[in-house]
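Chemist: Sharing a structure here in structure tokens format.
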Amino acid sequence: MAIDYDALATQVVVELQGTQPARAVSRRLGRSAATVHRWTQGSRPPPADDVLLLAHLKGRDVLGAVCSLTNLAADTLGDAEPRDPAFTARIVEAYAASYTQAGVAERTGLSRHQVGRMARGETRIRLADLLRVLQECNRALVDFLAVVSDLTQLPAVEEAWLERDRMHALYRDMPLIGSLLNALSRPAYRALPGHDPAWLAELVGLSPDDVTRALARAEGLSLVRREGAHLVETIPHTDMRLKLPPTLAREVAASLTREAATRLEQHTATCAWAVLMPKDEDIPAMAHALSKGLDEAMRVGNAGGGYRLMYAMVHLVAVDGTPVMVRSEG
């Protein structure tokens with residue numbers, strides 16, 4: 001699926017400008033009206049920092065959208081916000097921290113030198129290049145634009161929007177798809193003579209037919225690709241893994257929790273739990289610490305190259321029934 005990122009960048013600016021004259025937008029950004037006009041005409045590439053600031057000034061939750069991009073985004077941003085010169089550079093820095101600059105360059109078609117300069121804040125980042133990073137590295141583009149812009153006014157992203165919806169449907173229908181995709185990167189799978197649905201089915205606890213159907217859908221969505229006799233993930237399970245929107249993530253987590261409860265009753269799973277009494281103001285920090293612990297467990301679990309496939313979940317449940325946000329990144 002090819003996206004015209006330059007056309008998309010222009011469409012985002014036009015949508016954010018809305019019915020305001022270019023002069024009004026230019027005053028808010030400290031730019032000339034002629035510059036804003038050239039952005040909307042596509043004759044000059046709009047810079048990412050100005051466009052994200054414009055979205056922020058229009059009341060769009062730019063900071064929240066950026067924090068949801070990757071597991072490292074919130075930490076990399078620190079105290080930066082859309083008004084800060086370093087804001088967009090830190091977005092790219094979060095991607096480079098997981099993929100490395102060379103990895104981001106390979107996925108996006110940008111040069112390694114370009115990615116390095118972008119991450120270090122040594123150049124103004126074109127909006128088109130930032131959008132390319134979000135899509136090509138971990139499919140975060142549509143969910144990001146759904147917050148900072150109006151998807152219905154962005155025809156260049158329509159196909160990616162439809163693909164995103166099909167991907168979400170796959171996660172709803174098959175909550176264990178994440179485990180199945182992760183299994184493709186395991187050394188034990190790569191050591192097989194070729195792709196073996198029955199082997200994967202035993203590993204994940206599904207039927208071979210379910211495995212075949214799920215992977216066929218994943219391949220149609222370019223979540224996996226053929227490489228020799230095997231399938232490989234196109235987005236590795238690292239800090240850059242696919243980010244699901246909070247509503248869908250909770251839905252998938254609920255399904256996995258029900259499955260976990262069944263396996264606990266069958267003595268095929270283990271768990272640890274505790275009863276806590278924190279102050280309200282300490283809950284965000286505690287939730288963040290739990291999430292960080294899960295991230296560390298993932299790094300340990302994925303470093304050994306073992307055979308067994310497991311999933312770990314972190315829940316913070318208020319006994320009185322009030323909602324609790326487990327991690328700010330979604």
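The values are calculated or read from the model by the stated rules, or taken from the named source; none is laboratory data. A quick note: this is a predicted structure, and the numbers were derived from the prediction, not measured. When we count neighbours, we look across all protein chains shown, and the Cβ atoms used for this are built from the backbone with ideal geometry, even at glycine.
Chemist: Given (1) at pLDDT 90 or above; (2) within 28 Å of the chain's Cα centre (by Cα), identify the lone condition not met by A34.
Modeler: Looking at each condition in turn, A34 falls short on (2).
Chemist: With the condition kept exactly as written, say whether any residue in the range 57-65 is in contact with a helix residue (DSSP H, G or I) (Cβ under 6 Å, 6 or more places away or on another chain), small (G, A, S) and at pLDDT 95 or above.
Modeler: no
Chemist: A further question on this structure: Scan T322, T262 and give me the residue that is outside the structural domain of V92 (by TED's automatic domain parsing), exposed (fewer than 13 other Cβ atoms within 10 Å of the Cβ), more than 27 Å from L69 (Cβ to Cβ) and modelled with pLDDT of 80 or more.
Modeler: T262
Chemist: Oh, and also: Within the range 173-182, does at least one residue satisfy the condition of being over 21 Å from T247 (Cβ atoms), in contact with a His (Cβ under 6 Å, 6 or more places away or on another chain) and touching a residue at least 40 places away in the same chain (Cβ under 8 Å)?
Modeler: Within the range 173-182, one or more residues are over 21 Å from T247 (Cβ atoms), in contact with a His (Cβ under 6 Å, 6 or more places away or on another chain) and touching a residue at least 40 places away in the same chain (Cβ under 8 Å).
Chemist: I'd like the residue in the range 46-67 that is surrounded by fewer than 18 Cβ atoms within 10 Å (Cβ to Cβ) and outside any helix (DSSP H, G or I) and, out of all such residues, is farthest from the chain's Cα centre (by Cα).
Modeler: Per the stated criteria, the residue is K58.
Chemist: Among L170, L176, which is under 21 Å from M298 (Cα atoms) and not assigned by TED's automatic domain parsing to the domain that holds L53?
Modeler: Within the list L170, L176, the selection yields L176.
Chemist: From the list A74, A89, A80, exactly one residue is on the phi < 0 side of the Ramachandran plot, of a type in the set (A, V, I, L, M, F, W, C) and outside any helix (DSSP H, G or I). Which is it?
Modeler: Of A74, A89, A80, the one residue that is on the phi < 0 side of the Ramachandran plot, of a type in the set (A, V, I, L, M, F, W, C) and outside any helix (DSSP H, G or I) is A80.
Chemist: V142 versus (1) within 22 Å of M167 (Cα to Cα); (2) without any contact (Cβ under 8 Å) to a residue 60 or more places away in the chain; (3) in contact with an Asp or Glu (Cβ under 7 Å, 6 or more places away or on another chain): which is the lone unmet condition?
Modeler: In the conditions (1) within 22 Å of M167 (Cα to Cα); (2) without any contact (Cβ under 8 Å) to a residue 60 or more places away in the chain; (3) in contact with an Asp or Glu (Cβ under 7 Å, 6 or more places away or on another chain), V142 misses (3) alone.
Chemist: If you check R172, R190, R120, which single one turns out to be within 30 Å of A55 (Cα to Cα) and surrounded by fewer than 22 Cβ atoms within 10 Å (Cβ to Cβ)? Walk me through it before giving the result.
Modeler: Details: R172 fails: within 30 Å of A55 (Cα to Cα); R190 fails: within 30 Å of A55 (Cα to Cα).
That would be R120, the only listed residue that is within 30 Å of A55 (Cα to Cα) and surrounded by fewer than 22 Cβ atoms within 10 Å (Cβ to Cβ).
Chemist: Also, I was wondering about something else. Go through the residues of the range 287-301 one by one and say whether even a single one is hydroxyl-bearing (S, T, Y), modelled with pLDDT under 90 and closer than 25 Å to A96 by Cβ.
Modeler: yes
Chemist: Residues of the range 145-172 being touching an Asp or Glu at 6+ places or on another chain (Cβ under 6 Å) and under 15 Å from P246 (Cα atoms), which ones?
Modeler: Listed by number, the list holds a single entry, V147.
Chemist: Identify the residue in the range 110-133 that is part of a helix (DSSP H, G or I) and of a type in the set (V, I, T) and, among all such residues, is nearest to W39 (Cα to Cα). Reasoning before the result, please.
Modeler: Let us first name the residues in the range 110-133 that are part of a helix (DSSP H, G or I), namely 112-119, 127-133.
Those still in the list that are of a type in the set (V, I, T) too: 115, 133.
Numbers: V115: 23, V133: 20 Å.
Out of the qualifying residues, it is V133.
Chemist: Failed condition for P284, given (1) assigned to a loop (DSSP other than H, G, I, E, B); (2) free of Cβ contacts under 8 Å to residues at least 60 places away in the same chain; (3) surrounded by 13 or more Cβ atoms within 10 Å (Cβ to Cβ), with all others met?
Modeler: Here P284 meets the rest and fails (1).
Chemist: Which numbered condition in (1) of a type in the set (S, T, N, Q); (2) more than 25 Å from E158 (Cα to Cα); (3) part of a helix (DSSP H, G or I) is the only one that Q11 fails?
Modeler: (2)
Chemist: Let me ask you something else. Considering only residues that are of a type in the set (S, T, Y), within 16 Å of M298 (Cα to Cα) and part of a helix (DSSP H, G or I), which ones fall in the range 179-196?
Modeler: S179, the sole residue that qualifies.
Chemist: Which residue is surrounded by the most Cβ atoms within 10 Å (Cβ to Cβ), if the candidates are limited to the range 1-45 and must be of a type in the set (S, T, N, Q) and within 25 Å of R132 (Cβ to Cβ)?
Modeler: Among those residues, the one meeting the criterion is T10.
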